[in-house]
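Presented below is the structure to which this report refers.
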Amino acid sequence: MLQNVQRIKLDSKGDARGQLIALETFSSQVPFEVKRVYYIFDTTPGTVRGKHAHKVLRQLLICVSGSCVIRCDKGDGAEPVDYSLDWPDQGLLIEGMVWREMHNFSKGAVLLVLASEHYELSDYIRDYDVFVKEVNEAKER
Ligand code: TYD
């Protein structure tokens, strides 16, 4: 488990009819105000998405259908860690500076993302070397 990355088991209300998961802002499962929701679907086979870090954004990722792998890298020289998401009650909370890549989307996969901020280009770091530099500078502060 990486610092700033946490698996969250989402509380599923199951009964004879099936499953239901409800997510609320500022709950134990979503510890931030949700300002934006987006989802990734109809992914081209073999594609890798993401390949960026965020400066302040907090996100909860849930593969609500199918499966995918979220590769997380702290930029500190340690090996990246792969988190497999393959069931709708599995959440991955990413907070702080983490380089993330989404891999291995299964056919029909739908990756839902709850985000703490509106879409803001200036919050993105899209160059890996710049990301590592910022991680190192933050360590020195
Ligand atoms: P992109 O950042 O490439 O997605 P990924 O998370 O897979 O790296 O975004 C794809 C396109 O969607 C790009 O044109 C920006 C746009 N976009 C929005 O308009 N709003 C959003 O909230 C997001 C995440 C992307």
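The values are calculated or read from the model by the stated rules, or taken from the named source; none is laboratory data. Remember, it's a predicted structure, so these values are computed and weren't measured experimentally. Note: ideal-geometry Cβ built from the backbone for every residue, glycine included; neighbour counts use all protein chains shown. Note: accessible area is taken over every heavy atom of the protein model, side chains too, but ligands, DNA and RNA are not part of it. Shrake-Rupley method; radii C 1.70, N 1.55, O 1.52, S 1.80 Å.
So here's what we get for this one:
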{"quantity": "The lone exception for residue 103 - which of (1) closer than 15 Å to residue 50 by Cα; (2) touching a residue at least 60 places away in the same chain (Cβ under 8 Å) it fails", "calculated": "(2)"}
{"quantity": "Residue among 49, 7 that is within 14 Å of the ligand (Cβ to nearest atom), among the charged types (D, E, K, R) and closer than 25 Å to residue 123 by Cβ", "calculated": "49"}
{"quantity": "Among the residues listed as 106, 84, the single one being surrounded by fewer than 17 Cβ atoms within 10 Å (Cβ to Cβ) and assigned to a strand (DSSP E or B)", "calculated": "84"}
{"quantity": "Single condition residue 37 does not satisfy, out of (1) surrounded by 12 or more Cβ atoms within 10 Å (Cβ to Cβ); (2) modelled with pLDDT of 95 or more", "calculated": "(1)"}
{"quantity": "Pick from region 67-77, criterion in a loop (DSSP other than H, G, I, E, B) and in contact (Cβ under 8 Å) with a residue 40 or more places away in the chain, ranking: farthest from residue 21 (Cα to Cα)", "calculated": "76"}
{"quantity": "Residue in region 61-74 that is farther than 24 Å from residue 25 by Cα, away from the ligand (no atom under 16 Å from the Cβ) and either of a type in the set (Ser, Thr, Tyr) or out of contact with any strand residue (DSSP E or B) (no Cβ under 8 Å at 6 or more places or on another chain) (or both) present", "calculated": "yes"}
{"quantity": "Residue in region 86-99 that is free of Cβ contacts under 8 Å to residues at least 60 places away in the same chain, polar (S, T, N, Q) and either more than 20 Å from residue 37 (Cβ to Cβ) or more than 12 Å from the ligand (Cβ to nearest atom) (or both) present", "calculated": "no"}
{"quantity": "Pick from region 87-102, criterion in a strand (DSSP E or B) and open to solvent by 30 Å² or more (accessible area, probe 1.4 Å), ranking: nearest to residue 56 (Cα to Cα)", "calculated": "95"}
